[in-house]
Amino acid sequence: MNKLKLKLLAGALLLGAFGSAADARADILHLKLATEITPASAELVTAAISRAERDGSSFLLITLNTRGGLESSMREMVETILASKVPVVIFVAPGGARAASAGFVILLSSDVAAMAPGTGTGAAHPVMSDGRDLDKTMNEKVVNDASAFVRSLAEGRKRDPQAAESTIRTSDSFTERQALEKHLIDIVAKDEADLISQLDGRTVKRFDGDEVVLHTAGEKLVDFTPSLRQRLLIALADPRIAFILFALGGLCVYFEFQHPGAVVPGVVGALAVVLALYGFHMLPINLTGVLLIGVAIVLFVLEAKVQGFGILGLGGIVAAVIGCLILVDVGWDHELRLPLSLVLAVVLPFAVILIFMLRLAFHARHAKVTTGAPGMIGLLGIAQTPISPEGMIFVRGELWKARSTMSIAKGEGVRVISLHGLTLDVEAENDTATAPREASAIDG
């Protein structure tokens with residue numbers, strides 16, 4: 001009994017040791033963020049800051065590489081960084097990376113801003129969701145609001161507010177050396193190890209005025225690993241992926257409706273559409289874009305039904321392309337809008353396939369039935385016996401019992417007008433030449 005207790009105690013201690021190792025405290029928590037700024041990436045930053053606060057980490061290091069993103073997600077990330085209980089260090093790396101547009105504002109909000117050689121930042125001028133400049137009045141309002149926001153961040157972080165504001169008003173961009181000279185960043189470092197070395201003993205002044213001295217010598221750097229759910233959200237929050245999933249899923253679902261029982265297209269299509277809708281749910285969707293896509297589908301249906309000689313189909317393609325281009329209302333910048341090349345690559349094949357499948361469906365709906373009992377109506381045959389009022393006829397390679405309200409002589413052509421059980425109602429058909437040849441052969 002005592003041995004059993006000792007074994008159980010040893011097992012519990014072993015499990016506790018493994019649990020501690022799996023949830024090891026991070027002296028420096030490291031998050032790699034190489035994606036557009038979306039609600040999914042904002043959630044990832046929030047989770048990383050919560051983990052760093054729970055572990056009591058010296059600071060959170062975010063290695064950033066982004067071309068921009070959504071204003072709402074950018075502001076959420078900035079608010080989270082400013083409210084963080086642990087310092088947040090943002091490092092634009094590796095060489096060739098950038099913190100453009102919304103990424104520049106996030107970099108500006110960090111406790112310590114750093115860049116690697118060969119990186120860039122800036123160009124945060126707001127534009128419309130389709131990439132065009134705003135009209136004069138709206139441009140003035142949005143630019144003034146954005147300028148005030150970045151100026152406030154720069155002044156709170158003791159960085160150059162004029163240089164920061166120039167990224168908004170004149171879309172200025174800076175290399176890592178230019179950003180350092182203009183006091184937009186604090187450090188230029190080769191990599192994370194070099195950055196951590198330079199941070200050792202550095203006094204960091206928080207946004208609320210508190211000062212923290214970083215002691216990084218000998219501290220452990222632990223990577224923050226996103227959960228499966230977070231990785232899925234990041235993928236689905238990419239409008240390009242959501243757009244492709246929705247188009248393919250829609251075609252698969254339509255194919256399943258046209259061919260019930262195929263199963264696989266229906267299952268795959270339903271999953272793809274649901275995932276796409278969840279991805280779009282995380283993005284600001286422009287209602288006008290949705291309406292234009294709806295109009296495009298209606299025009300595709302009409303083109304297939306009334307054969308508009310391509311005019312309706314062309315109108316549908318134009319409506320679909322414009323609707324897709326303005327579908328995601330990004331507001332702050334245009335980096336998340338669907339690229340024209342992708343829209344054309346999806347819309348054109350989608351339109352051709354949908355119109356083709358609809359035409360097949362409409363044609364099949366109005367085509368004469370050629371199988372089963374309904375397919376017998378209108379067929380021509382040959383009377384094998386006199387019909388008065390009943391007899392036998394040969395039709396469609398088979399002998400059938402037939403009846404008629406008129407007398408029909410043997411060998412005379414007949415036409416089937418109705419079917420009652422296994423008896424055919426027929427009438428005389430004078431044009432015997434149109435009767436099946438095999439009937440004449442049997443009649444001999």
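Determine which single condition Ser341 fails, assuming it passes every other condition in (1) modelled with pLDDT of 80 or more; (2) buried (at least 16 other Cβ atoms within 10 Å of the Cβ); (3) closer than 26 Å to Arg98 by Cα.
For Ser341, the exception is condition (2).
One line per residue, one yes/no per condition, for (1) in a loop (DSSP other than H, G, I, E, B); (2) surrounded by fewer than 23 Cβ atoms within 10 Å (Cβ to Cβ); (3) free of Cβ contacts under 8 Å to residues at least 40 places away in the same chain; (4) not hydrophobic (A, V, I, L, M, F, W, C):
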residue	(1), (2), (3), (4)
Arg51	no, yes, no, yes
Arg54	no, yes, yes, yes
Ser72	no, yes, no, yes
Met77	no, no, no, no
Thr80	no, yes, yes, yes
Phe91	no, no, no, no
Pro94	yes, yes, no, yes
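What number of residues within the stretch 294-311 are in contact with a Leu (Cβ under 9 Å, 6 or more places away or on another chain) and buried (at least 20 other Cβ atoms within 10 Å of the Cβ)?
Here the count works out to 4.
Is it the case that Leu251 is touching a residue at least 12 places away in the same chain (Cβ under 8 Å) and under 24 Å from Pro265 (Cβ atoms)?
Yes.
Is it fair to say Ser50 is at pLDDT below 50, among the polar types (S, T, N, Q) and farther than 13 Å from Asp223 by Cβ? Walk me through it before giving the result.
Numbers: at pLDDT below 50: no; among the polar types (S, T, N, Q): yes; farther than 13 Å from Asp223 by Cβ: yes.
No; evaluated as a whole, the condition is false for this residue.
Considering only residues that are farther than 21 Å from Val343 by Cβ and aliphatic (A, V, I, L, M), which ones fall in the stretch 217-252?
Result: Ala217, Leu221, Val222, Leu228, Leu232, Leu233, Ile234.
Residues checked against (1) at pLDDT below 95; (2) closer than 21 Å to Phe207 by Cβ; (3) touching a strand residue (DSSP E or B) at 6+ places or on another chain (Cβ under 7 Å):
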residue	(1), (2), (3)
Ala116	no, no, yes
Ala124	yes, yes, no
Asn144	yes, no, no
Leu153	yes, yes, no
Asp160	yes, yes, no
Ala164	yes, yes, no
Asp172	yes, no, yes
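Only one of these conditions is not met by Phe255: (1) touching a helix residue (DSSP H, G or I) at 6+ places or on another chain (Cβ under 6 Å); (2) part of a helix (DSSP H, G or I); (3) at pLDDT 85 or above; (4) not assigned by TED's automatic domain parsing to the domain that holds Val346. Which number is it?
(3)
Just the residues that are without any contact (Cβ under 8 Å) to a residue 60 or more places away in the chain and crowded, with 19+ Cβ neighbours inside 10 Å, please, taken from the stretch 268-292. Full working, then the answer.
Taking the stretch 268-292 as the starting set, the residues that turn out to be without any contact (Cβ under 8 Å) to a residue 60 or more places away in the chain are 268-281, 285, 287-292.
Result: Gly269, Ala272, Ala276, Gly279, Phe280, Gly289, Leu292.
Need pairs with beta-carbon distance below 7 Å; first residue modelled with pLDDT under 85 and within the stretch 19-41, second charged (D, E, K, R) and surrounded by fewer than 18 Cβ atoms within 10 Å (Cβ to Cβ); sequence gap 6+ or separate chains.
Final answer for the pair search is Ala26/Lys220.
For the stretch 354-387, give me each residue that is surrounded by fewer than 14 Cβ atoms within 10 Å (Cβ to Cβ) and either within 17 Å of Leu312 (Cα to Cα) or modelled with pLDDT of 85 or more (or both).
Once the filter is applied, which keeps residues that are surrounded by fewer than 14 Cβ atoms within 10 Å (Cβ to Cβ) and either within 17 Å of Leu312 (Cα to Cα) or modelled with pLDDT of 85 or more (or both), the stretch 354-387 yields only Phe356.
The values are calculated or read from the model by the stated rules, or taken from the named source; none is laboratory data. The shown structure was predicted, so the numbers you read here are calculated from the model rather than taken from an experiment. Please note: Cβ atoms are built from the backbone with ideal geometry, for glycine as well, and neighbour counts cover all protein chains shown.
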